[in-house]
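Chemist: There's a structure below that I have some questions on.
The values are calculated or read from the model by the stated rules, or taken from the named source; none is laboratory data. What you see is a predicted model, and the numbers here were worked out from it, not measured in a lab. Cβ atoms come from the backbone with ideal geometry, glycine included; neighbour counts cover every protein chain shown.
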Amino acid sequence: MSTVVISFLFFLGIFVLIGVSSSLVSKKSNSDYLLAGHDIPPWLAALSAVATNNSGYMFIGLIGFTYTSGLQSIWLMIGWITGDLLMASFVHKKLRDNTEKQNLLSFGGVLSRWHGTDYRKLRFIVGIITVLFLGVYAAAQFKAGSKALHVLFDWDYNTGAIIGACIVFAYCMSGGIRASIWTDAAQSFVMMIAMGMLFIVGVQNAGGLNALFTQLDKISPTYLSIMPTGLPWDNSVGITLFVLGWVFAGLGVIGQPHIMIRFMTIDDTNNMKKTQTYYYSFYIIFTILTYGVGLVSRVILPETGAFDAELALPTMSQQLLPDVLIGVVLAGLFSATMSTADSQILSCSAAFTRDLVPKKKDNLYATKFATAAVTLIALFVALYGGSNVFELVVFSWSILAASFGPLLFLYALDKKISEPLGIAMIVFGISATLMWKSAGLSEAMYEVAPGIVVGMLTYFIGSKVPQLQTSES
């Protein structure tokens, strides 16, 4: 067995052990399993939220996108963080308050009982959407981990997904969301250090910063330009729509159950500002490192017809780092994708047991059984789904954002929404997202933007229609 494999298995084992050890402080209740008993400190919740927000998308998808497209990819994160920050000022604190006040453990519960209502049809629909699309999102994490193992060890693509599913099962059978949060923190510190080290070594290998940028500039005249290229409308209108699309992607963070649950777990509502400060600080650090490694990888790994850009990070670590550190990088990357998949699967489990087939009495074993079932389904999608990581993530993200984002935002503004109107907002938001993508307009503007806009317009128009103002509990 090679040194790389031994190092990988050793550090992966440490990450798994950290997650499983969370069972030592578990209170053996659904509240603790799904929300960590509302006792997570701000820095830990924030670091976990950043890791969950990105993981496979950032370490695999975004680095690959930067490798292919150059510096113009920076608009994804500029727009994303801008939209995220804007929504955070309205939603985070009120969500944390309402979650504890109403004892809500699922996103369907949040959207159906915000004002003390009991919208059962709405809750069921939210549960269905959560299970379907967050399950696909989790499958993308399995696929991301599999790609990394394939390029480094030449293991079959299926092997990584199966190992990942087993690790997720171990997390979920032990500490639930707390296991996910603890491992998020461990792997995030490792990945920040590893990516920083990889960037420095890569720059040195390229001959220094000046030599790096000289080589990048030779790739194409636009590679180091931040101006988006290749848009359907190559003018100021096209550029504005492209950037706005990613701002709306950031606005859609509030529609992602697996991320918002982190802000629901913090120990005190009054610590929300502190949590947000940590969150955006960690986010910016991760983003800078991601773009740095993506650009360096384009010089270290010249493009060939057979090269998969989404494998740039593990491939570059293999070329530049000693064997032990290659194992560390891969273990951190793999653990990152798995802990994100874990939190997504837990959100699906909450949706299944509390929104689709709710029981009057809490049953932790039923929740864990649902978790195991969702894990198997996500694994099946990862093994047989054909889309790449980037495509799986952005599509699932847009559906969840368009479905849940407008509702949660309006709730945070203290708007009362009837059940028929809430359902209409979800239906029209999803429809707009699907039609925009089907029309091939996603290259001009990310489909999440029309989905959110139509969802909001449905509220403003529907609030004037008397037939949509009657709610049945």
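Chemist: Could you please find all residues in the range 158-184 being small (Gly, Ala, Ser) and either free of Cβ contacts under 8 Å to residues at least 40 places away in the same chain or surrounded by 20 or more Cβ atoms within 10 Å (Cβ to Cβ) (or both)? Spell out how you get there, then give the answer.
Modeler: The initial filter retains those residues of the range 158-184 that are small (Gly, Ala, Ser), namely 160-161, 164-165, 170, 174-176, 179-180.
Of everything in the range 158-184, those that are small (Gly, Ala, Ser) and either free of Cβ contacts under 8 Å to residues at least 40 places away in the same chain or surrounded by 20 or more Cβ atoms within 10 Å (Cβ to Cβ) (or both) turn out to be 160, 161, 164, 165, 175, 176, 179, 180.
Chemist: Now for a separate question. Take the residues in the range 427-457 that are of a type in the set (Val, Ile, Thr) and crowded, with 24+ Cβ neighbours inside 10 Å; name whichever of them is nearest to the chain's Cα centre (by Cα). Walk me through how you get there before you give the answer.
Modeler: Here is the first cut: in the range 427-457, the residues of a type in the set (Val, Ile, Thr) are 427, 430, 433, 448, 452-454.
Next, only the ones that are crowded, with 24+ Cβ neighbours inside 10 Å stay: 433, 448, 452.
Details: 433: 19, 448: 15, 452: 18 Å.
Only one residue tops the list, namely 448.
Chemist: Of the conditions (1) surrounded by fewer than 20 Cβ atoms within 10 Å (Cβ to Cβ); (2) out of contact with any Pro (no Cβ under 9 Å at 6 or more places or on another chain); (3) β-branched (Val, Ile, Thr), residue 253 satisfies every one except a single condition; which number is it?
Modeler: (1)
Chemist: Another question, then. Name, by its number, the condition in (1) part of a helix (DSSP H, G or I); (2) without any contact (Cβ under 8 Å) to a residue 24 or more places away in the chain; (3) not charged (D, E, K, R) that does not hold for residue 155.
Modeler: Condition (1) is where residue 155 drops out.
Chemist: Let me ask another. With (1) touching a Lys or Arg at 6+ places or on another chain (Cβ under 8 Å); (2) surrounded by fewer than 17 Cβ atoms within 10 Å (Cβ to Cβ); (3) of a type outside the set (Ser, Thr, Tyr) as the list, and residue 237 as the residue in question, which single condition is left unmet?
Modeler: Result: residue 237 passes all but (1).
Chemist: Could you tell me how many of the residues in the range 98-137 are more than 18 Å from residue 34 (Cβ to Cβ), of a type outside the set (A, V, I, L, M) and modelled with pLDDT under 90?
Modeler: Final tally of qualifying residues: 5.
Chemist: Consider residue 37 against the criteria (1) in contact with a helix residue (DSSP H, G or I) (Cβ under 8 Å, 6 or more places away or on another chain); (2) surrounded by fewer than 24 Cβ atoms within 10 Å (Cβ to Cβ); (3) closer than 16 Å to residue 186 by Cβ; (4) not basic (Lys, Arg): it satisfies all of them except one. Which criterion is unmet?
Modeler: Every listed condition holds for residue 37 apart from (3).
Chemist: Looking at the structure I just gave you, is residue 28 over 29 Å from residue 240 (Cα atoms), basic (Lys, Arg) and at pLDDT 85 or above?
Modeler: Working: over 29 Å from residue 240 (Cα atoms): yes; basic (Lys, Arg): yes; at pLDDT 85 or above: no.
It is false that residue 28 is over 29 Å from residue 240 (Cα atoms), basic (Lys, Arg) and at pLDDT 85 or above.
Chemist: Does residue 253 count as within 30 Å of residue 405 (Cβ to Cβ) and modelled with pLDDT of 85 or more?
Modeler: Working: within 30 Å of residue 405 (Cβ to Cβ): yes; modelled with pLDDT of 85 or more: yes.
Yes, satisfied.
Chemist: Moving on. Which of the following residues is of a type outside the set (Ser, Thr, Tyr), under 19 Å from the mean Cα position of the chain (by Cα) and under 26 Å from residue 280 (Cα atoms): 59, 15? Show your work before the answer.
Modeler: Numbers: 15 fails: under 19 Å from the mean Cα position of the chain (by Cα).
Exactly one residue qualifies, and that residue is 59.
Chemist: Here's another thing I want to ask about it. In the range 110-130, what count of residues is obtained for those that are part of a helix (DSSP H, G or I) and buried (at least 24 other Cβ atoms within 10 Å of the Cβ)?
Modeler: Residues that pass the stated criteria total 8.
Chemist: Go through the range 33-51 and report how many residues are modelled with pLDDT under 85 and farther than 17 Å from residue 97 by Cα.
Modeler: Of the residues in the range 33-51, the ones modelled with pLDDT under 85 are 33-34, 36-37, 51.
Pick out the ones that are also farther than 17 Å from residue 97 by Cα and you get 33, 51.
Looking only at that region, the number is 2.
Chemist: From the residues in the range 392-421 that are aliphatic (A, V, I, L, M) and assigned to a loop (DSSP other than H, G, I, E, B), which one is nearest to residue 131 (Cα to Cα)? Steps first, answer last, please.
Modeler: Step one: of the range 392-421, the residues aliphatic (A, V, I, L, M) are 392-394, 399-402, 407-408, 410, 412-413, 417, 421.
From what's left, assigned to a loop (DSSP other than H, G, I, E, B): 413, 417.
Details: 413: 27, 417: 24 Å.
So, considering only residues that are aliphatic (A, V, I, L, M) and assigned to a loop (DSSP other than H, G, I, E, B), the one nearest to residue 131 (Cα to Cα) is 417.
Chemist: Report yes if some residue within the range 198-213 is closer than 30 Å to residue 410 by Cα and hydrophobic (A, V, I, L, M, F, W, C); otherwise report no.
Modeler: Initially, the range 198-213 is screened for residues closer than 30 Å to residue 410 by Cα, giving none.
Scanning the range 198-213 turns up no residue that is closer than 30 Å to residue 410 by Cα and hydrophobic (A, V, I, L, M, F, W, C).
Chemist: I'm checking my understanding of the structure. Among residues of the range 290-312 that are closer than 13 Å to residue 196 by Cβ and under 19 Å from the mean Cα position of the chain (by Cα), which one is surrounded by the most Cβ atoms within 10 Å (Cβ to Cβ)? Give the derivation first.
Modeler: So in the range 290-312, the residues closer than 13 Å to residue 196 by Cβ come out as 290-293, 296.
After this cut, where a residue has to be under 19 Å from the mean Cα position of the chain (by Cα) as well, the list is 290-291.
Values: 290: 26, 291: 19.
Going through the qualifying residues, I end up with 290.
Chemist: Tell me which residues, restricted to the range 438-450, are without any contact (Cβ under 8 Å) to a residue 60 or more places away in the chain and part of a helix (DSSP H, G or I).
Modeler: Residues satisfying the conditions are 438, 450.
Chemist: Take residue 332 and tell me if it is touching a helix residue (DSSP H, G or I) at 6+ places or on another chain (Cβ under 8 Å), within 24 Å of residue 393 (Cβ to Cβ), in contact (Cβ under 8 Å) with a residue 24 or more places away in the chain and surrounded by 24 or more Cβ atoms within 10 Å (Cβ to Cβ). Step through it out loud before you land on a result.
Modeler: Values: touching a helix residue (DSSP H, G or I) at 6+ places or on another chain (Cβ under 8 Å): yes; within 24 Å of residue 393 (Cβ to Cβ): yes; in contact (Cβ under 8 Å) with a residue 24 or more places away in the chain: yes; surrounded by 24 or more Cβ atoms within 10 Å (Cβ to Cβ): yes.
Criteria met by residue 332.
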